[in-house]
2 protein chains.
Amino acid sequence: MYRLLSGLSVIEASSFVASPTAGLYCAQFGAEVIRIDQIGGGPDFRRWPVTARNDSLYWENLNRGKKSVALDLGRPEGRELLQELVRATGQFLTNFPADGFLSHARLAEGCPGLVTVRVMGWADGSPALDYTVNNAVGYPLMTGAGPDPVNHVLPAWDLLSGAYAAFSLLAAIRRREELGCGCEVRIPLSDVAIGTAANLGGIAEVLYSGQDRPRLGNTVYGLFGRDFVTSDGLRTMIVVVTPRQWSNLLSALDLGAAIAAVEDERGVNLATSDGLRFEHRDALFPLFEAAIGKRTQEELAAALDAGGIVHSGYRTMLEAAHDPRMVTDNPMFAAAGGNPSGFSYPAAGSFGTVPQMERGVPCPAPLNGQHSEDVLTGRLRLSAGTLARLIDTGIVGLPGKQHQ
Amino acid sequence: MYRLLSGLSVIEASSFVASPTAGLYCAQFGAEVIRIDQIGGGPDFRRWPVTARNDSLYWENLNRGKKSVALDLGRPEGRELLQELVRATGQFLTNFPADGFLSHARLAEGCPGLVTVRVMGWADGSPALDYTVNNAVGYPLMTGAGPDPVNHVLPAWDLLSGAYAAFSLLAAIRRREELGCGCEVRIPLSDVAIGTAANLGGIAEVLYSGQDRPRLGNTVYGLFGRDFVTSDGLRTMIVVVTPRQWSNLLSALDLGAAIAAVEDERGVNLATSDGLRFEHRDALFPLFEAAIGKRTQEELAAALDAGGIVHSGYRTMLEAAHDPRMVTDNPMFAAAGGNPSGFSYPAAGSFGTVPQMERGVPCPAPLNGQHSEDVLTGRLRLSAGTLARLIDTGIVGLPGKQHQ
């Protein structure tokens, strides 16, 4: 944990991926992030992967370094406590509906400086998830060799929405510090997805050409990039994005003369144009397949590394988990204990590295309700008697009853 | 454009996707983002998709609303001007190498408050791209039905790194405002990728189980979600994440009795557990295939909408570009002219919607060097004579020579 956001407190009422990652990034930068959890856990509290005793390895990694206040959000008194915590804190991160008891207008009553960041499905409040907005913008019909659509495994839209939510939170706080007024930033997954397609030129492309981009399998659109099979039957992805990489690649594979012949035959100069290297891939790929097919993956990697050419073999996640550069010797990871699951393993800190600051160790996720007492007495100044009554009546939850 | 970040200026020296999107998000929230471009454009200035006259629809969408100062960065004088602009501004966003003429230490000489956010390949400075870090963490071997790896088309790691970079920039500025000191935040694509695998529980999962997750095609891991084919031969993705959605889905498809029989036979209650619905998918999927196979996609959509169940047919990007909800009636888009390409089409504004503020219209990208004179005279106070000499000697570029 880096102390970039020390002094910032955020209330988070959220589930699934997008909104929890926004809180996670803030916590990893030193903010106090207080989750308000349904007693016993929200809809994603047991989401897979889980351990043998049904503790979620997913949940406990998305919620590292946060606090947990457990409330019964099905009852008015629990909902009011959440509303009061939001008002007492001033910053709120959620994926709850825009017009329910956690509407910004209702929460901002008596708290005009409130900043709310809300991840949504569709902009109109209709439900949507990563895997459905992805279909709606067209990526599954562009992925793989076809003809069937291929859905991504990585919840890319959730993740992008989460990081953008963290950015939006700080942007809205910055404005409040200058002007004094709060606001709500709504981030619909559907707008993140179609907006990204537009930002990458995809919407302009299909409207300009009047047709969809053809499916390219593992070939990267618009430049020289693809997977190739080495003599030992392994696949390596190679991607070229600069003239120097191209020139070094031809040297590394002894393809200078063969490519010059293609350039002569086609009347093009491939030295400086990503686009031409893509356009003439029908002539290029067989030459590269033959040259790469003569080398082992290890020989190929050594030649490419020497030329500063970007490449990577395909690995499984288990292989990545044991890789020194990625995990076991990576300073971003630390062997973290204290997890709710009881299982110890390398846990990730913030993606960002700050050379001028000390990187702390990743903290574990809280138990459900672990900070109920501290936060409710500290932040809302509830008396011991009131708190005891709330616990007795099941409005407030404490840990220790996780595995009844 | 929303004026959330009015008053913030950022110098951006960047190419490809990650770093430019960070600047784009800032510009869409009202920051002044000044790109420093190589005269004639950097390595991604002609990246596909391009128009007939080779203008990049990709570049002009990733750089909307920014300014462009064109310099010859191959010569010392051009490099010094960039360094001076960074120092005079105080905020810098880049994907240039960490140890070159744009190292944070060098830039921070005489400017201790400087905030640098740097997107990198590997953390050690080795080159990497989205498509290669993706291989290194294991996602292509989890995507699709196998056995071959399937690379994603969406540059998800670039995009996530870009949004995280925008967040990091504001976090580091916030710290400077409190403590007075600047810092550098380094964001390696490789750490974003492996850190995300860890955040989602993937690293813990493979270390706990000792094996990789099996490839599932379009089935979503750990819950009830998959694509199904309707009677008209179309595919619809359906994903269930709450008990109510499950119950409504069974009602919508008249599957209550059939599922109850499965529950009896297997001795499980599927009403409240995502995990059990995933575990017993071998029994569930045939029932859903039969029920959905009797309905047209339109009939299915109506029944699912009535029950608040999350679903989506597969569309191509061209279909999405003509869809009212996504693009043509979506307030995030506006028909934007003034593009460098000369082509007019709906352009996206910020993903975030702020109900309390007015959403301006997306601005076009700059021409290469369009703001060279304004910025160099305004920010560096160069005299007219000095500027004229820099232009004459080709250190500073102006627009108008784009299509020689």
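The residues in segment B:37-76 that are among the small types (G, A, S) and touching a Pro at 6+ places or on another chain (Cβ under 6 Å) can be counted, and the count is 1. Being open to solvent by less than 20 Å² (accessible area, probe 1.4 Å) and either closer than 22 Å to A:G23 by Cα or small (G, A, S) (or both) is a property that holds for A:T116.
Of all residues in segment B:86-104, those being surrounded by fewer than 21 Cβ atoms within 10 Å (Cβ to Cβ) and within 15 Å of B:I34 (Cα to Cα) number 4. Across segment B:211-257, the qualifying residues are those that are among the hydroxyl-bearing types (S, T, Y) and part of a helix (DSSP H, G or I), and the one among them that is nearest to A:A321 (Cα to Cα) is B:S247. Against the conditions (1) more than 16 Å from A:A302 (Cα to Cα); (2) in contact (Cβ under 8 Å) with a residue 60 or more places away in the chain; (3) open to solvent by 10 Å² or more (accessible area, probe 1.4 Å); (4) among the β-branched types (V, I, T), A:V262 satisfies every one except (2).
I'm trying to understand the selection: among the residues of segment B:14-60, which are basic (K, R) and either at the interface with chain A (Cβ under 10 Å from one of its Cβ atoms) or outside any loop (DSSP other than H, G, I, E, B) (or both)?
Result: B:R35, B:R46, B:R47.
Number of residues in segment B:291-327 that are under 28 Å from A:R215 (Cα atoms), within 11 Å of another protein chain (Cβ to nearest Cβ) and either charged (D, E, K, R) or open to solvent by 50 Å² or more (accessible area, probe 1.4 Å) (or both) equals 5.
Residues in segment B:40-54 that are more than 21 Å from B:P155 (Cβ to Cβ) and either among the charged types (D, E, K, R) or crowded, with 20+ Cβ neighbours inside 10 Å (or both): 1 in all. The set of residues in segment B:246-258 that are buried (at least 20 other Cβ atoms within 10 Å of the Cβ) and touching a Phe, Trp or Tyr at 6+ places or on another chain (Cβ under 9 Å) comprises B:W246, B:L249, B:L253.
Consider A:S372 carefully, then state whether it is in contact (Cβ under 8 Å) with a residue 40 or more places away in the chain and closer than 30 Å to A:L300 by Cβ. Criteria not met by A:S372. Considering B:G233, B:G275, B:G217, the condition of being more than 32 Å from the chain's Cα centre (by Cα), more than 28 Å from B:A348 (Cβ to Cβ) and not acidic (D, E) is satisfied by B:G233 alone. If you go through segment A:331-357 and pick out every residue that is part of a loop (DSSP other than H, G, I, E, B), within 7 Å of chain B (Cβ to nearest Cβ) and buried (at least 22 other Cβ atoms within 10 Å of the Cβ), you end up with 3. Residues of segment B:61-107 that are in contact with an Asp or Glu (Cβ under 6 Å, 6 or more places away or on another chain), in a strand (DSSP E or B) and away from chain A (no Cβ under 14 Å): B:S68, B:A70. Every test in (1) facing chain A (nearest Cβ under 9 Å); (2) assigned to a helix (DSSP H, G or I); (3) acidic (D, E) is passed by B:E265 save one, and that test is (1).
Annotation: of all residues in segment B:268-318 being basic (K, R) and touching a helix residue (DSSP H, G or I) at 6+ places or on another chain (Cβ under 9 Å), the one that is nearest to A:N151 (Cα to Cα) is B:R315.
Has segment A:375-387 got at least one residue that is open to solvent by 20 Å² or more (accessible area, probe 1.4 Å) and touching an Asp or Glu at 6+ places or on another chain (Cβ under 7 Å)? The answer is yes, given that some residue of segment A:375-387 is open to solvent by 20 Å² or more (accessible area, probe 1.4 Å) and touching an Asp or Glu at 6+ places or on another chain (Cβ under 7 Å).
Open to solvent by 10 Å² or more (accessible area, probe 1.4 Å), closer than 29 Å to B:T242 by Cα and either within 13 Å of chain B (Cβ to nearest Cβ) or modelled with pLDDT under 95 (or both): is that true of A:S6 in this structure? Criteria not met by A:S6.
The values are calculated or read from the model by the stated rules, or taken from the named source; none is laboratory data. Here the structure is a predicted model, which is why all the values come from computation and not from measurement. Note that each Cβ is placed from the backbone with ideal geometry, even for glycine, and that neighbours are counted across all protein chains shown. Each accessible area value is taken on the protein alone, full model and side chains, heavy atoms only, with ligands, DNA and RNA left out. Shrake-Rupley method; radii C 1.70, N 1.55, O 1.52, S 1.80 Å.
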